[in-house]
Amino acid sequence: PVALDGNALTEHVVVLDEDSHEYCFVGVSSAPVVSLLRDFSAPVHLKQALSLEEQLFLLRHDGNGFNRWRVAQDVLSAEILRLACDESRACNPDCLAVFADMLPALADRDAALAARLMQLPTVGQLLEQARGSDPGRLHEARQVLRAGLTEALESWLLSLCQRPCEEVYVYSADAVAQRSLANTAMGLLVDYSATHAGIAVRRFQSARNMTDEAAALTSLVHAGLPEAGKCLEDFSRRWAHESLVMDQWFMIQASAPVSGVVARINQLIGHPDYDTTRPNRVRAVLGQFANAN
């Protein structure tokens, strides 16, 4: 706890309604790393001059989930932008070490947050920060960092995927978090190495809910693995009568960041179930390709 205006608290709310203002906190015994805008307390873009060492400190220790996610996004974004300009394509080992040390313990306390911290910023989000950048180089750099994180976390990610799928679907905050954590781990592993394709195939075959089934299919299709073909056929045969579910089938393929995707788009447009009079189906193909690939 530190004091502001005589009140000693572990967290203070201050109102910034002037161009410049000074607040004096009493009881700070060493140079602090300040955690600002906790829980997104104001709808603003925050620019905070933190060193990488300070950011990694917050990533390890910040007690606020939103700020932990925000600083993770900042660290990951900066690393991807650096890798896009670095011909060596070598990830910063300090960044990888913090994620490897911190995530397993965090997942035991907050599986939803741990899953979120493993999700890298998209190329679209990165382009907002570095306008004029080459999207292809950003995608390649993002894949390098994604592989580096997976390699650092591989044994733990495998342990998450070895847990059996739930027999009965439960909708609760904890169940949603556990599904998100397991499916995020699966996606990283399958994208990292084709040797892990069996994880997604087994999850696809044993899934008792659409979340797990679609996540497994997405992992295989987006990694461009040969096992994806049969799973796509099985999915379309099983769900041909459900239009909204089939929209997902189209979306998963249109958003796959793999070579040959333009030819796949043309195939999808020529598919008997593709209908230009149905907005959802057009968005599932052309919208996904334009906005998410």
Query raised in the report: For the stretch 18-35, does any single residue satisfy the condition of being surrounded by 10 or more Cβ atoms within 10 Å (Cβ to Cβ), in contact with a helix residue (DSSP H, G or I) (Cβ under 6 Å, 6 or more places away or on another chain) and among the hydroxyl-bearing types (Ser, Thr, Tyr)?
Result: yes
Query raised in the report: Going through the stretch 133-177 one residue at a time, which ones are open to solvent by 70 Å² or more (accessible area, probe 1.4 Å), without any contact (Cβ under 8 Å) to a residue 60 or more places away in the chain and charged (D, E, K, R)?
Result: Asp134, Arg137, Glu140, Glu151, Arg163, Glu167
Query raised in the report: If you go through the stretch 276-291 one residue at a time, how many are open to solvent by 50 Å² or more (accessible area, probe 1.4 Å) and either farther than 21 Å from His222 by Cβ or of a type in the set (S, T, N, Q) (or both)?
Result: 6
Report task. Determine which member of the set Val71, Val75 is in a helix (DSSP H, G or I), touching a Leu at 6+ places or on another chain (Cβ under 6 Å) and surrounded by 14 or more Cβ atoms within 10 Å (Cβ to Cβ). Result -> Val71
Report summary line: Of the residues in the stretch 243-266, those that are farther than 27 Å from Gly198 by Cβ, open to solvent by 60 Å² or more (accessible area, probe 1.4 Å) and of a type outside the set (A, V, I, L, M, F, W, C) come to Asn266
Query raised in the report: Which of the residues that make up the stretch 178-199 are aliphatic (A, V, I, L, M) and open to solvent by less than 30 Å² (accessible area, probe 1.4 Å)?
Result: Leu181, Ala182, Ala185, Met186, Leu188, Leu189, Val190, Ala197, Ile199
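The values are calculated or read from the model by the stated rules, or taken from the named source; none is laboratory data. Because the structure is a prediction, the values reported are computed rather than measured. Neighbour counts run over all protein chains shown; Cβ positions are idealised from the backbone, glycine included. Side chains are part of the model used for accessible areas, which takes the heavy atoms of the whole protein and leaves out ligands, DNA and RNA. Shrake-Rupley method; radii C 1.70, N 1.55, O 1.52, S 1.80 Å.
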